[in-house]
Structures are given as C-alpha cells and as structure tokens.
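The values are calculated or read from the model by the stated rules, or taken from the named source; none is laboratory data. Here the structure is a predicted model, which means the values were calculated and not measured. Here the Cβ positions follow ideal geometry from the backbone for every residue, glycine too, while neighbour counts run over all protein chains shown.
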Amino acid sequence: MLTVAWLVPALPLAGFLLLVVFGRRLGEAAAGWLATAACTGAFVVAVGCLLDLASRPQDQRSDVTTLFTWIPVGSLNVELGFLVDPLSMTMMLFVTGIGALIHLYSIGYMHGDPKFSKFFLYLNLFVFSMLMLVMGDNLVVTFLGWEGVGACSYFLISFWQTREAAASAAKKAFVTNRIGDWGFMLAMFLTFQAVGSLNYADLNGAAAGLAGSTATAIAVLLFVGAMGKSAQLPLSVWLPDAMAGPTPVSALIHAATMVTAGVYLLCRVSPLLHEVPNVGTAIAVVGIVTALWAATVAIAQNDIKKVLAYSTVSQLGFMFIAVGSGAYVAAVFHMVTHAFFKALLFLGSGSVIHGVHDEQDMRRMGALRKLMPITYITFMIGFLAIAGIPPFAGFWSKDEILAAAFQKSTPLWVATFVAAGLTAFYMTRQVIMVFFGEARWKHEPAPTLSAAGHDDPEQGHVVTPHESSWLMTLPLVVLAVLATFGGLFNLPFWDGTRRLEHWLDPVLGEAEVPLTLSTSTLIVLALSAVAISLVGIGTGYLVYERRRVRAFEPAVFADGWYLDRSIGRFAGGPGMAAFEGVAWFDSHVVDGAVNGVAGGVRWSAERLRRTQTGFVRNYALGIAVGAVLLLVWFATRGGF
Amino acid sequence: MNVLPVLAELRVTASWYLVLGAMLFSIGSVGLLVRRNPLVMFMCVELMLNAVNLSFVTLARALDDVGGQTAVFFVLVVAAAEVVVGLGIVVAIMRRRPGANADDLSMLRG
Amino acid sequence: MTVETVVFLIAATIVLVGAVGVIVRAHPVHAALSLVLTLFGIAVLFVAQNADFLAAVQVIVYAGAIVVLFLFVIMLLGVDQAENLRIEPFRLQRPAALVTGVALFALLLLAIVQGEITGQKSAGGQLSGEEANIMVLARSLFSDYVFAFEVTSVLLVIAVVGTVILARRPPREVADETGAVER
C-alpha cells in the first residue's frame, strides 16, 4: 500500500477537479457526497499505509516515493517526493479522518447555500494542499502545500464574499500569513546555501555540522513561518477574524489542520532545533506569551466562535511551549488531541448556531441543553477534554506539556499552569452561557452579531431552537468518542502504554529531550493540573451560574489587549511613512538610476554625435590621431 | 673653429635617411588633413608613399637585403595604378560639378 | 665629411623644400611642380644608396608619368583655380593637424633613435655583392615574389579598364529619321 501513498493526496485533488468541472451540475448533496467520498477514500488509503508502515521493523519506517523531478536547475534538484514516516503518517491520518468527518458535517451545515458545490471544491483543494504539506520530503513541496492551504483559507474565509467582514478577514489572513511565508522562504534560501539541498533528510543530517549562526538563522526563520501559519503573537491577529467564514471551515482549517502546520514544520526539523537550544527557549517564550494573552482575551468574548478561536491560539501556544522545551512528542500528542476536541467544539458550536437560527452572540443563548441534547453532551465532552479533566484526551496531552515545561524552567511552568486554569475558566463560562442559565433567546432579537450568509426571514420572530440533523450530529459523536479515548495513544503510566512516543521515536527520538523527572514529581504535577482545572471550572461556575462573584471582563481583554488597534495605528502612521519612504526611494533612486542611465546614454550620444560631421577631412584627422595614439602605445608599453 | 673637425668626422648613417623619411611622411599627412583640393590631397598621399619608399631602400641597404627594393618596386606599381583610378574618379566628378572639393562630400553628416 | 654626406644634405634639402611647397602652394600646378622637385630629390637619394634601378624607375614612372598625368587632369578640366587657403570651415582642423603631424614626427623619431635595425641579413639576396643591382632585383622579383608580380600585372589591367569605364561620358541618345536610336 505504501507504493500508492501518492493516492492519498491524489484523491482529494481528483475530487477538486471533478467538482470544478461538474460541481454545479451535480448540485447540492451529490457534490458534497463526492467530496466526502474523496476524503474518506484518502483516509482509507492512509490507514492502509499505516498498517504497511507499522508492519515494518521500527528502524525501517521511512518510505520515500519520488514521483518526478520537479525543479532541476543547476545544482538545485527539487523532486516531488512523498515521505511517509511515523510523523507524516500521524498527520495524514488525522487530516484525512477529521477532514472526512467535517465534509460530512458540511453537507448538513451548508444546506440551502447557493454556492454549495463550490464550498466542497475548496474543501477538497484544502485537504490536498494540507496533505502535500505534511507528506512532502523537501521544503519546497511543503511550501507548495503551505501556500495552498493559505490560498484555500483565503477562499473559504471569504466564502460569503458579499459580506465586508468576511472579505476583510480573508485579506487579513492572507497578508499576515505572507509575513510568515517570507520567513519560510528566507529559511529555504539559507538552507540551500548552507546545505546545498532542500530535502529534510539532508537538512536534518547536516544539522549537526552547520555553523551556529546559520542553524540559528534557519531555525528562527522557519519559526517565523510557523508563527504566521499557527497564529502566534504578533501574527495572531488573523485567526479571530477568520471566524467570519462558515463554521466547518473554522473547524477544519483554523482548529484541526492548517494551524498545526507550523508545529508540524518545527517537529519535522527537530534535529536542527536540537542544535540551537536558544531558539527553543525563544519559541517557548513566544508560546507561553501567546497562550496567556489569548486565554485572557477569551474570557471577555461574547461570540461563541471567537471564544473558540482565541482558545485555539492559546492551545497552539501550548504546543509551541512543548516544542521549545524539546518535548516534540508531547507537542504532536497535543496536536492530535486538540484536533479532536477543538473540531468537536467548533462543530458543536456550528450546530448551536444552526439551532438558534444563525445567532452567534452567546448573550442571546442559554438553556439549550434540553433542546439540543446530542450537541449538549458532545460539547460537554469536548469541554471536559479541553479543560484537562481525566480521563478525557486533553488531560493527558496537556499534562505532558506541563511536565516538559516544569523540566525546562519553573517560571515557564507557572505561566503554563495559570494558562491551563484560565482555559478551564473561559470554557466553563462558554458552556454555562450557551447551555445553562435562562433562555435568553426568548427575548426580542436585536441587530447585534449576526451570523450566517442568508438574511434571516425570521427576524423579529422567536423560534424554538432545535437539534441538528444526523449529518451534523454523527461527526460530533465520532469526535466525542475520539476526545474521550484519545488519551490512550500515549498514557504515561509505563513504557508499554507510551504508544505514540514509541511510534514517533524514529523521527523525533534523537531530538527529544527526555523527561528526567521523578515519578513522584510527575504525579504531583498531574494532580496539580487537575486541581487548577477544577479551580477554573469552579470559579466559572461561581461567576456565571451562581453569580456570587462579579464577572471580570474588562475592555482591554475584549479588545485583544488593543493589538489590532495598535497594528492599525502603526501601519497607518509610522508604517505608512516608512512605506512612503520606500516608494520614494524606488521611484527616485532605483528608477532614477535606471532612467539616469538612459538619460546619460542619450546625453553622451548627443555629444558623440558631433563627431559624425560628414566631412572626410575630419575623419582623416581621426585616423591620423588614431595612428599617433597607436605609436604612443608602442612607445610606452610595447617598446620599440 | 673647432666645429670643423666634428663636421669632418660626420658620417651619414641609416638613421638620417629614416629621419628624413619620417619628416616627409609627417609633412604629407599634415597636407592631407589641411588641403581641400582633391588633386593636391592626392599629391600629399604621393609624398607619404615616397617617404615609405625611402625607408624601404634605406633598410634594404642596412640589412643588405634586396627584399626592400622589391617592396619599393611593388609600391611604385600600385601607386601608379592608384593614381590612375583616383584621377579617373576625380575626372568623373569634376565633369559634373566643376570646382568641387573634399568638403562637398558631407552626406554622411550625423 | 664624405661625399655621401654632402649629397645627402643637399638632396634632403631639396626634398623638404618640395614637400613643403606641395602643401603650402594654393595653385595646384605649383603644387605639382613642387612634387616633381621632391621626387627628383628622392631619386638622388636612391642613387646615393646604390638603388640605381629604382632611381631610374622613380624618375620615369613617378616624375615622368604620374606627375604628368596630374598636370593633364589639372589643365584639361580647368581645375586651375587656386584654392582659397585663407578660410578653413573647421576651426579645429588646422591646429589639430599640426599637432598631429608634430606628434607623429616626434614618435617616429623616438622609434628611430631608440630602436635598432634587426632582422636577418641578406634574406632576399645580397645587395652588396658582385652582381649588378638590377640582376639581384630581377632574381628576387621573378623567383620569390613572382606571384605578387603576376597579381600586380592583373591589377594594372583592372585599373586601366576601370578608369576607362569611369571616365567615359554617358552615352547620349540620338534619333534618326527612322526613329531608331543610334548611339
């Protein structure tokens, strides 16, 4: 099966192409089923590849399939190759698996939308790009996927393109990503210059021999790329705005897959990161700052999706803390469990939004648990997972990260600990506002945060919320099961249960910083993690359900610590001035030089024209002067 | 008068002839550049050719080699042919435009 | 002070006077006569250097034929107006020409003074031997340089033919009673 590993990206690509040509003709439902089938097919092939890979002995679990030589230019030889090893296998599985579930969900969610088939076309293209990203065996194929997911993100965020918010958000996402891409590209150039090849195998192999400054530069630049894609500060501004897109998009792209591309990239080059521990520290610092920032902002958000968006940013920060601390396995573990519960939460929120007829403001929800039972139960499971309550998946992965942070530095652990508590707190707030309390949706609807693409003809009416169709609830249930039992992948009890760690060992093993904490320390850390989660939940309960303590939602949190505003002011003010300066430089100095050359040529030609008098005697004089000069040369240099 | 012994010892060497040839050549080239009448310009060319002939003969004597004289022979023949053709051209032009000189040829003016 | 020295000095003077005359005289006929003076001087110098045959050829061909040709053309075509040497359309031309001439002479002088005459002696044929000059010259001409000799003879033919065509008057058409064109 490994020989047809290329089928995994090929099936979504085929789905995309078929939908481009026949999408509109297939119409609703059929287009969706075709796309879902493509994605599911890819998942099946991926499972086949997994079985094939797992059947090999551990040190041979790496398969490279080269389709063709893509860019042979001089000493640069870039091939379109797929690398199937445990790390990429893991990514492939959850990209296609969760992708398939979300495709199924979208058939129900996008029901009635006039651009139904186009949505699935983009979704398939996205899955294809993401697979290229994770399966590429060199930086260029990854970059191809990187750019592809960025483009699909743009298309999908602005899917309802007539809405100003969506169009602006898409542009913002693309431009912010571009800054990250700049870092990625520079890293590629440096890599080629230092190593002579863009293959991961060559880069990782040569990592130990690179000069310190080169390795640091490449690592930092790749991290800049990761910051853009994975929405870390200060490039995090695009993700909350991206919620203007349809909810399945938020679930697939901005929770489960695309945003994890940054983490994947850093894990892929972990041997390089291993050589530059200072960069690791920097990564961890960025991670924790982002995590804390996003957690505080999430406390004050009222849009159901925005809370989850900031939560995603925060959880990504956790993953980067793990990467920075050398715990790559923990980062991947959390990436997987996060994919499960965050997708679950987003899809659940989509179900809620549909249920309350496209209302997204949580202040207009409440007491939905009896009216939307399946959504409620699955959402609660996702909530418990993200809050870090055992035995749900999130607890195990978050605990690993906390342990790694503790080993790296105590202040780092303290900050992470606080962030974990905040996570539990704001999720509790969300759950209470949506599913408990009084049924605020019964009040007169006012024109606040409106949601989906079609105008609600029921403005002014109060309709009872309803549960969603099986197309939407089935994926919720599947994801809930995964969120419950996902922890089994890597239980820390003894060596035999650390399945994911062993699975990823051939790839990440040498760079991984092993946990040297004593078992008693680990138990204490685990218990304290549970404790802070319970404290967070309890506090949330007291503030929002019991109303014993007043809610603390200052404007500075709600406004994202004024990050957006300051960026706007900077870009509009000094940024603009700088741009004007650069533009001036371009038009006067650069263009001036070019035009100056042309002008100079014209000026000198004008002067030289005078020698063409047309009179023979002048030309004869020229010949005579030439002869004299020749003799001068002989006199001075040649010697008589 | 003590200049007479010096004068008595004066011998003509090859260099003297060569210097004379150089002078003749320079005079010819100056004339070519200054005069406008085509026939006079031609005569200046003849001066230059004669200077070259003189140099050839001098060197033939210095090297005791008849090749120099052979060269003069050929120069003479070719100069004659050149004069014939050149004067033919001058005649052809002068018939149409009496009083033409070298400066009338200015169509190559840039 | 040998004979050769005296001869040289006198002949050199004649040559230079004639050369300056060529370039200075406004009237073309005067310039042609100065040229004759120069050519005679050169011929004398040829004799002084034991190039008898060449001296003879110089007088016959150059002074006798070429200069006569010049004079014929000058007189037949009426180009006997003196050139107005006072005016010079390009102000730069005369000074530049003078400077160039002086520079040329100076450099040649430098070459002559600094340089040595090197080369294989008697490569073509010995001049200073017993044989008469014309014999040695003839031998060189018809053995080593026979190809060039033949080519120059062709050249002469070409020159003559070409000039005849060049100087021909263009044919005028004359019609007779029958209307046919007669040339």
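Assorted remarks:
- Residue within the stretch A:200-215 that is within 14 Å of the chain's Cα centre (by Cα) and assigned to a helix (DSSP H, G or I) present: no
Residue-wise test of (1) surrounded by fewer than 17 Cβ atoms within 10 Å (Cβ to Cβ); (2) more than 14 Å from chain A (Cβ to nearest Cβ); (3) more than 30 Å from B:Val12 (Cα to Cα).
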site: B:Asp65; (1), (2), (3): no, yes, no
site: B:Ala71; (1), (2), (3): no, yes, no
site: B:Leu76; (1), (2), (3): no, yes, no
site: B:Gly88; (1), (2), (3): no, yes, yes
site: B:Arg96; (1), (2), (3): yes, yes, yes
site: B:Ala102; (1), (2), (3): no, no, yes
site: B:Leu105; (1), (2), (3): yes, no, yes
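Results for (1) out of contact with any Ser or Thr (no Cβ under 7 Å at 6 or more places or on another chain); (2) of a type outside the set (D, E, K, R); (3) within 14 Å of chain B (Cβ to nearest Cβ); (4) exposed (fewer than 13 other Cβ atoms within 10 Å of the Cβ), shown as yes or no for each residue.
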| position | (1), (2), (3), (4) |
| --- | --- |
| A:Ile567 | yes, yes, no, no |
| A:Pro574 | yes, yes, no, yes |
| A:Phe579 | yes, yes, no, yes |
| A:Phe585 | yes, yes, no, yes |
| A:Gly592 | yes, yes, no, no |
| A:Arg602 | yes, no, no, yes |
| A:Phe615 | no, yes, yes, no |
| A:Trp633 | yes, yes, no, yes |
| A:Thr636 | yes, yes, no, yes |
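- Selected residue [under 22 Å from the mean Cα position of the chain (by Cα) and of a type in the set (A, V, I, L, M)] from C:Ile42, C:Ile87, C:Ile112, C:Ile117: C:Ile42
- Residues being closer than 23 Å to B:Glu46 by Cβ and touching a residue at least 60 places away in the same chain (Cβ under 8 Å) are represented in the stretch B:102-110 by at least one member.
- Screening the candidates C:Ala56, C:Ala48, C:Ala63 for the property of being buried (at least 19 other Cβ atoms within 10 Å of the Cβ) and under 20 Å from the mean Cα position of the chain (by Cα) yields one hit, C:Ala48.
- Filtered by the rule that a residue be over 30 Å from C:Pro28 (Cβ atoms) and more than 7 Å from chain C (Cβ to nearest Cβ), the stretch B:1-50 gives B:Met1, B:Asn2, B:Val3, B:Leu4, B:Pro5, B:Val6, B:Glu9, B:Thr13.
- In the set C:Ala97, C:Ala132, C:Ala123, C:Ala106, only one residue is free of Cβ contacts under 8 Å to residues at least 40 places away in the same chain and surrounded by fewer than 12 Cβ atoms within 10 Å (Cβ to Cβ); that residue is C:Ala132.
- Contact map, the stretch A:359-386: first residue farther than 18 Å from A:Tyr541 by Cβ and in a helix (DSSP H, G or I), second residue acidic (Asp, Glu) and modelled with pLDDT of 80 or more, Cβ cut-off under 7 Å, separation 6 or more or different chains; pairs are A:Pro373/A:Glu467; A:Ile374/A:Glu467; A:Thr375/A:Glu467.
- For the stretch B:63-110, the set of residues classified as outside any helix (DSSP H, G or I) and under 24 Å from C:Asn84 (Cα atoms) consists of B:Arg97, B:Pro98, B:Gly99, B:Ala100, B:Asn101, B:Leu105, B:Ser106, B:Met107, B:Arg109, listed by residue number.
- Being within 30 Å of C:Leu108 (Cα to Cα) and more than 10 Å from chain B (Cβ to nearest Cβ) is not true of A:Ala598.
- Residue match in the stretch A:531-553 (condition: surrounded by 11 or more Cβ atoms within 10 Å (Cβ to Cβ), in contact (Cβ under 8 Å) with a residue 12 or more places away in the chain, in a loop (DSSP other than H, G, I, E, B) and not hydrophobic (A, V, I, L, M, F, W, C)): yes
- Counting only residues that are of a type in the set (Asp, Glu) and within 8 Å of chain B (Cβ to nearest Cβ), the stretch C:39-87 holds 1 of them.
- Being in a helix (DSSP H, G or I) and facing chain B (nearest Cβ under 7 Å) is a property that C:Leu109 has.
- Answer residue from the stretch C:21-32, given it is over 13 Å from the mean Cα position of the chain (by Cα) and farther than 19 Å from B:Phe25 by Cβ and is nearest to the other protein chains (Cβ to nearest Cβ) among those: C:Pro28
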